[in-house]
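To start, the structure under review is shown below, and the notes come after it.
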Amino acid sequence: MLDLQLTNAGFFEISGSVEPHQLGTTYVRPREAEVVRVFVPAGAAEVEVYAGPLRTGRLVFRGSVEQALTLPWLSPQPN
């Protein structure tokens, strides 16, 4: 369900992990000022949201999927 919501908000899954030595799925959405990255660890109930450069973005949220979906970083962007 999260993957569908992220896709609808303009995110796309990237192959390979940005997080070293962690299994999971990474989604990104480039924005004018920064890249928003969502990391969904395998088997975890929490997600991590980063903003900034792809590999060195700052952690802006770690918590439940339900809470993450209320963040402005994950809102659909106007065309």
* Structure fact -> For segment 62-79, the count of residues that are touching an Asp or Glu at 6+ places or on another chain (Cβ under 8 Å) and under 19 Å from GLU13 (Cβ atoms) equals 1
* Asked: Only one of these conditions is not met by LEU4: (1) hydrophobic (A, V, I, L, M, F, W, C); (2) loosely packed, with under 13 Cβ neighbours inside 10 Å; (3) part of a strand (DSSP E or B). Which number is it?
  -> (3)
* Residue under evaluation PRO76, criteria (1) free of Cβ contacts under 8 Å to residues at least 24 places away in the same chain; (2) part of a loop (DSSP other than H, G, I, E, B), criterion not met -> (1)
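Please work out which residue is modelled with the lowest pLDDT, limiting yourself to segment 22-73 and to residues that are in a helix (DSSP H, G or I) and surrounded by 15 or more Cβ atoms within 10 Å (Cβ to Cβ).
Filtering segment 22-73 down to residues in a helix (DSSP H, G or I) leaves 65-68, 72-73.
This time we only want the ones that are surrounded by 15 or more Cβ atoms within 10 Å (Cβ to Cβ), so: 65, 68, 73.
Details: VAL65: 88, ALA68: 89, TRP73: 82.
Applying the filter and picking the extreme gives TRP73.
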* Structure fact -> Note: among GLY10, GLY57, just one is touching a residue at least 60 places away in the same chain (Cβ under 8 Å) and not hydrophobic (A, V, I, L, M, F, W, C), namely GLY10
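The values are calculated or read from the model by the stated rules, or taken from the named source; none is laboratory data. Here the structure is a predicted model, which is why all the values come from computation and not from measurement. We place every Cβ from the backbone using ideal geometry, glycine too, and count neighbours over all the protein chains shown.
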